[in-house]
Amino acid sequence: MSKIFNGSKFLFIPNSTSKLTIIRKKLAQSHGAVIIDRLLPNCYVLIDTKLYSKDSQIVKKIVELGGDKPDVKYLNQGWLVDSTQKLQKLDDLNYKINVTVPRLSSPSIRNSSPETKRQKYVKPLTRSEIIESNLNRSIIGSSNNPNSYTIEILSQMAEQRDIQGDNPFKSRAYKIAIDSLQKTPKYIDTYDKAIKIPGIGQSIAEKIEEICTTSNLRLLNQLQKSEKNQLMQLFKGIYSVGNTFAQKWIDEGMKSLEDISQRKDLSSLQKLGLKYYQEWNERISRKEATLHREYIMEVMLAIDPDVEFTIGGSYRRGSETSGDIDFIITKEDTGLIELKFIVNKLLENLKITGYHKCSLTTLSNKWLGGGALTPEYNSKLKGDIKTDEWGKCRRIDFLLVPWDQKGASFIYFTGNNDFNKKIRLKASKRGMILNDAGLFQKQDIKNDKGEIVDSKLILLESHDEKKIFEILDVKWREPNQRNIGSNFIL
Ligand code: DCP
Ligand code: MG
């Protein structure tokens, strides 16, 4: 498991010994968090908003636990659960709880003068003062499904069943059980409760009890540690390699990347995936991604200064690191054909500057490949920019977007995947279709007898991102508020 919370300090509210709190603490620890019992500077306070739904309760508890400290984040526990599901420390904006808490200093400051003591000691507030001081708490969004931890473990089991490839029905059974649990508002922690839920059979009900009583699942641990799983993960790290190839190679006795590199039957994409294995499996810092944009825009200036380059994906959502750099390329009043012409020219010039390292896929509306900031260009262009990342090949996407489809494409290429799924679902519930080309109304075509014989799509909006939200009756969310988990309700 990756250590996404590496060293972060977590304080739980309630800080009780309830099963759920223990499970969540263990979950946090297993991802590298340090559990604390008093508020400390720079810590995360993770609040169960089901139990602590009132501002006054939260503020009282925080005061009891030492009062506010500098740089403390107050978050709904959904953030922990969703982050562990995604194996990524999610942006916390959607989970923030805005509480105003009085900052108390310790009354017993040794070796300090009486004046200093007086200055630093703040009288603890009375209950009514606490309630009064508590302003404007708002939960922007949360996804506090009581069974999230169980769901996460069962999802990992489903994945393991797919990987082991022994019996497709086993993986399906987990997926059905997960679906049922997602619809269950109650915390299911025993065999008896679980077996009553349609879609959950005996074996999975037993596992649910094991997860809830031990916060662990022995079978999952065994499967994850298995050599087969380790090799599957290793091979799937090669660009373009999925379960099928990884499985085939394992069946043929491959044990390492070295073994794979000896094969004579590798596709050109697999060869590139091996060549850049390390660089393409590293996250790219925000600073480096920004430099890539500046670099490309500089090269673009000589071709067409009016082309817009926006980095979409996780970068647009404000993430500190990204898996690849998704450039959304568009230009006022310009269609795909002209954009394609411009981007081809850009690629030629990027080859000349040494940035272009390889092409993976070229289609009419996209180019996927590898690009690196060249050290020579650094000295010529900016000279003084210090980064260790000059010269590393990164996964770059150029996504060509006709001006009239800008809004729909921005929604699509900003994500995250769960946000896209939820907003598309919202559209389909209204008889509409949302894709990267636009938001469309589905309209039935009927014959003389009133029977539906066909249907057509009427474009409602495609250029304006905000208007698409408006038509769908979805409150506007800035990109950094779109880092949601699968349990989030839009
Ligand atoms: N996207 C999607 N469905 C997919 C793949 C992508 O909706 N199956 C959209 C949402 C993504 C965006 O495209 O946010 C970019 O895809 P990436 O795979 O690059 O994902 P991110 O940029 O979000 O994450 P990363 O930092 O790993 O690149
Ligand atoms: Mg991306």
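Okay, here's what the table says:
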{"read-out": "Nearby aspartates and glutamates by direct alpha-carbon distance to residue 9 (threshold 16 angstrom, same-chain neighbours under 8 apart not counted)", "value": "37, 68, 71, 92"}
{"read-out": "Length gained when the stretch residue 333-residue 226 is fully extended (0.36 nm per residue, less Cα-Cα span)", "value": "33.0 nm"}
{"read-out": "Carbon plus sulfur fraction of accessible area for the chain, probe 1.4 Å, in percent", "value": "51"}
{"read-out": "Largest-first principal axis extents, alpha carbons of the stretch 226-274, Å", "value": "30, 17, 16"}
{"read-out": "Set of aspartates and glutamates near residue 196 by C-alpha distance (under 18 Å), chain-local residues within fewer than 8 positions excluded", "value": "179, 206, 209, 210"}
{"read-out": "Summed residue charge, Cβ within 15 Å of residue 33's Cβ, Lys/Arg positive, Asp/Glu negative", "value": "+4"}
{"read-out": "Filtered trypsin sites (Lys or Arg not before Pro), the stretch 253-346: DSSP coil and at most 15 other beta carbons within 10 Å", "value": "255, 263, 264, 283"}
{"read-out": "Positive-end residue, the stretch 226-274 charge dipole about Cα centroid, Cβ charges, pick of 269, 232, 257", "value": "269"}
{"read-out": "Charge dipole magnitude, Cβ of K and R +1, D and E -1 - the stretch 384-465, Cα centre, debye nearest 20", "value": "360"}
{"read-out": "14 Å Cα cut-off, lysine pairs counted over the stretch 385-490 (separation 8 or more, or different chains)", "value": "11"}
{"read-out": "Formal net charge of residues neighbouring residue 276 (Cβ-Cβ distance under 12 Å; K, R +1; D, E -1)", "value": "+3"}
{"read-out": "Pairs of lysines in the stretch 247-299 (C-alpha under 23 Å apart; 8 or more residues apart or interchain)", "value": "7"}
{"read-out": "Cα-centred dipole magnitude for the chain, charges only on beta-carbon of K, R (+1) and D, E (-1), debye, nearest 20", "value": "1660"}
{"read-out": "P(r) of the chain over all Cα-Cα pairs, binned every 10 Å from zero, in whole percent", "value": "3, 15, 21, 25, 21, 11, 4, 1, 0, 0"}
{"read-out": "Semi-axes of the equivalent ellipsoid for the stretch 148-223, Cα gyration tensor, largest first, Å", "value": "19, 14, 10"}
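The values are calculated or read from the model by the stated rules, or taken from the named source; none is laboratory data. On a predicted model such as this, the values are computed, not experimentally measured, just so you know. So basically every Cβ, Gly included, is an ideal-geometry build from the backbone, and we count neighbours across all protein chains shown. To get the accessible areas, we keep the full protein, side chains included, count just its heavy atoms, and leave off ligands, DNA and RNA. Shrake-Rupley method; radii C 1.70, N 1.55, O 1.52, S 1.80 Å.
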